[in-house]
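Student: Got a structure here, written out as structure tokens. Questions coming.
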Amino acid sequence: MENSSVNPQNPLSSSSDLNPKTPSRTNQLIPGFNSYHPSPSRTIYSDRFIPSRSSSNFALFDLPLPPQSSSSEDSTNAYTALLRSALFGADCGSVVPPVTPDKSSGLNARNLQICRPNCNIFRYKTETRQSLQSLSPFGFEDQLPGFSPSPVKANRKVPRSPFKVLDAPALQDDFYLNLVDWSSHNVLAVGLGSCVYLWHASSSKVVKLCDLGIDDSVSSVGWAQRGTHLAVGTSNGKVQLWDSSRCKRIRTMEGHRLRVGALAWSSSMLSSGSRDKSILQRDIRAQEDFVSKLSGHKSEVCGLKWSYDNRELASGGNDNRLFVWNNHSTQPVLKYCEHTAAVKAIAWSPHLHGLLASGGGTADRCIRFWNTTTNTHLSCMDTGSQVCNLVWSKNVNELVSTHGYSQNQIIVWRYPTMSKIATLTGHTYRVLYLAISPDGQTIVTGAGDETLRFWNVFPSPKSKNTETEIGASSFGRTQIR
């Protein structure tokens, strides 16, 4: 093992300071200094480190001797030989001496031997994968003016374990419900039985927002895009609107006959999907409970998502259908019937307008991608297990999916190649619930094992290793109520 050349007391000291036997070149330049007498036949080098090629053996590296011509031809020939050597090897049909000849003997035919084919003077015992920079004939310290090689992008490592676990007693194991959502103010809402709890990520403070009583239960929660308003869907078919900052109920809206399992916000418009197969559009500024009714599904509506421009609403149902609606239609403008199981997992891409992802249940197991602008089916990926949720990263072109039967895993995908970046495990039941933090770096997953698990899966917007806004005191395992 080589010894380090850094002085522990002075990290800026050079290696010559550590070797007392190395003569100081400064002393060589002092007039009258007689302790050092250079040989008359030895070339003296100055401290400017100007290389001398008088003793260079160009035949050793298949470089032609520089002709006695102009400096431009000299540099061109040297560059050509160096480039040829870097691309095709140092032994491409060349005549190479196995041993460096003595200076006194010079270069002649008696000192040269024909090299065996593919014989490299510098040969590693084991081959290693070379980076793109290693193919360049120029080192990093000897780059041409204007030449800047791009660095090789290292694969991002995703932690395989959650950094926090919350116990969530009575978290239902029901595929058709949506009981977890994360607000833009960094507050997590969780429906547990008949109650809704708020967990403040910055302080780990838990607040009980409401209790619906023994005759009702929470079937969905959904935060408004901005502000502190939370919509709560109930098993009795009602939608309650709460101001979380004051823990006060603002209003209760009716219209559905059965449970409300899906909620989606678009500015002041709230969409609710129910087991009664309908979708109601509610303007919270209007006095009416709903302003329009969307009909088309033949079974329970279990997935709802508005696009980022608030122009299109995607809905998925237990009828294996994926529909797309606009702001003015009461009938779907696009219908996709390729899934063979319930469609709960729906996600719009924040990077490309009109790109929609959807996932099917146990009998389907596929993630499909659609272009709603051109009404085309782009691709399909068989995941091997029930797809419960999908969410895109807003920082990078990646998405995460959660799964149920039979592997209960969480997968981070790179789009559009759909290569797996990481597969995360830990839940012992189906991973039915998923939400993403406002900074886009952390996801929380929930399952019938009555736990909420927090994972760092996405990079920050500038790919810096910055901590999320979840407080340091929140690490570990705690209980949400």
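The values are calculated or read from the model by the stated rules, or taken from the named source; none is laboratory data. The structure presented is a predicted model; accordingly, all values stated were derived computationally and were not measured. In this analysis, Cβ positions are derived from the backbone assuming ideal geometry, glycine residues included, and neighbour counts consider all displayed protein chains. Note: accessible area is taken over every heavy atom of the protein model, side chains too, but ligands, DNA and RNA are not part of it. Shrake-Rupley method; radii C 1.70, N 1.55, O 1.52, S 1.80 Å.
Student: Per residue of region 370-386, what does 6.51 cos²θ - 1.76 cosθ + 1.60 with θ = phi - 60° give for ³J(HN,Hα)? Whole Hz please, x for Gly and Pro, Karplus curve as stated.
Tutor: 10, 10, 6, 6, 9, 6, 10, 8, 8, 6, 9, 10, 7, 8, x, 7, 4
Student: Using a 1.4 Å probe on the protein chains only, how many percent of the accessible area of region 178-287 belongs to carbon and sulfur?
Tutor: Using a 1.4 Å probe with all protein chains present, region 178-287 comes out at 43 percent carbon and sulfur.
Student: Can you give the net charge of the other residues whose Cβ lies under 15 Å from the Cβ of Ser358, counting K and R as +1 and D and E as -1?
Tutor: Summing Lys/Arg as +1 and Asp/Glu as -1 gives +1.
Student: Does region 380-444 classify as rounded, prolate or oblate by the C-alpha gyration tensor (a ≥ b ≥ c root eigenvalues; a/c under 1.5 gives rounded; else a/b over b/c gives prolate, otherwise oblate)? Could the numbers behind the result be given before it?
Tutor: Details: a/c = 2.06, a/b = 1.23, b/c = 1.68.
Note, shape of region 380-444 comes out oblate.
Student: Can you bin region 292-384 into rounded, prolate or oblate? Criterion: square roots of the alpha carbon gyration tensor eigenvalues sorted a ≥ b ≥ c, rounded for a/c under 1.5, prolate for a/b above b/c, oblate for the rest.
Tutor: oblate
Student: Here's something else I'd like to know. How much net charge surrounds Leu424 when only other residues with a Cβ under 9 Å from its Cβ are counted (Lys, Arg +1; Asp, Glu -1)?
Tutor: +2
Student: Past 22 Å, Cα to Cα: identify those pairs from Lys238/Lys277; Lys277/Lys394; Lys298/Lys394; Lys293/Lys335; Lys157/Lys205, in the order given. Mind showing how you got there, number by number?
Tutor: Details: Lys238/Lys277 15 Å; Lys277/Lys394 31 Å; Lys298/Lys394 33 Å; Lys293/Lys335 17 Å; Lys157/Lys205 30 Å.
Distance filter (> 22 Å) returns Lys277/Lys394; Lys298/Lys394; Lys157/Lys205.
Student: Give me a comma-separated list of calculated 3J(HN,Hα) values for region 242-248, in order, Karplus coefficients 6.51, -1.76, 1.60 applied at θ = phi - 60°, integers in Hz, x for any Gly or Pro.
Tutor: These are the phi-based 3J(HN,Hα) values: 10, 9, 5, 5, 10, 6, 10 Hz.
Student: Cα centroids of region 197-239 and region 345-392: how far apart, whole angstrom?
Tutor: The two parts, judged by their Cα centres, are 28 Å apart.
Student: Now for a separate question. Going by average Cβ neighbours within 10 Å, how do the peptides 264-275, 324-335, 376-387 rank, with the highest at the top? Walk me through the numbers before you get to the answer.
Tutor: Numbers: 264-275: 21.2, 324-335: 14.5, 376-387: 16.6.
The peptides rank, most packed first, as 264-275, 376-387, 324-335.
Student: Just the accessible area per residue of region 220-363, please: how many Å² with a 1.4 Å probe? The partial results should precede the final answer.
Tutor: On the way: 5920 Å² over 144 residues.
Per-residue accessible area for region 220-363 comes out at 41 Å².
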